[in-house]
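Structure, as structure tokens:
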Amino acid sequence: MNSGHFFSKFATAVAELSGKPVTFVMAVALVSVWAASGPVFSFSETWQLVINTGTTIITFLMVFVLQNSQNRDGKALQAKLDELILTSQAQNKFVGIEKLDEKQLREMSTQLAEKAQCVEDVADEKAESA
């Protein structure tokens, strides 16, 4: 098994686990235990450093794990949309538009908004004449 495949499986498992309510409850419990232990350690700098270091490390690592999951989800969704475009009456020019630059996307969005307005106007006219 290559490392990319392993990381993808790992990232998916961690992302699913981190989104569960029980994981949140465990995190709240851990912070509560840490806070309750403050008086025992006289609210020392070391006591504060424990939570700061722990949360920083977890946050740093989770960024990569969650970004990997998000990237894969986005690519899968885009592939599904491309398939729908290719197998429907939609214009094939929309396949791959996620690779366009910001200006091109804005222009396309404006064109689509204008088309949508025209369709809405025609629908309104038909509704009024009915």
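Looking at segment 1-52 only, could you name the residues that are in contact with a helix residue (DSSP H, G or I) (Cβ under 7 Å, 6 or more places away or on another chain) and aromatic (Phe, Trp, Tyr)?
PHE7, TRP34, PHE41
Looking only at segment 110-126, which residues are open to solvent by 70 Å² or more (accessible area, probe 1.4 Å) and either over 30 Å from ALA76 (Cβ atoms) or of a type in the set (Gly, Ala, Ser) (or both)? Explain how you work it out, then say what you get.
Initially, segment 110-126 is screened for residues open to solvent by 70 Å² or more (accessible area, probe 1.4 Å), giving 110-112, 114-115, 117-120, 122, 124-126.
Selection gives GLU114, GLN117, CYS118, GLU120, VAL122, ASP124, GLU125, LYS126.
Among the residues of segment 86-109, which ones are over 26 Å from the mean Cα position of the chain (by Cα) and open to solvent by less than 70 Å² (accessible area, probe 1.4 Å)?
Once the filter is applied, which keeps residues that are over 26 Å from the mean Cα position of the chain (by Cα) and open to solvent by less than 70 Å² (accessible area, probe 1.4 Å), segment 86-109 yields SER88, ALA90.
Of the residues in segment 56-85, how many are surrounded by 13 or more Cβ atoms within 10 Å (Cβ to Cβ) and over 16 Å from GLU16 (Cβ atoms)?
Filtering segment 56-85 for residues surrounded by 13 or more Cβ atoms within 10 Å (Cβ to Cβ) gives 62, 65-66, 68-69, 72, 78, 81-82, 85.
Filter once more, so that each one left must be over 16 Å from GLU16 (Cβ atoms): 78, 81-82, 85.
Going through segment 56-85 one residue at a time, the tally reaches 4.
The values are calculated or read from the model by the stated rules, or taken from the named source; none is laboratory data. Not measured: the values here are computed from a predicted model. Please note: Cβ atoms are built from the backbone with ideal geometry, for glycine as well, and neighbour counts cover all protein chains shown. Ligands, DNA and RNA are excluded from the accessible area calculation, which covers all protein heavy atoms including side chains. Shrake-Rupley method; radii C 1.70, N 1.55, O 1.52, S 1.80 Å.
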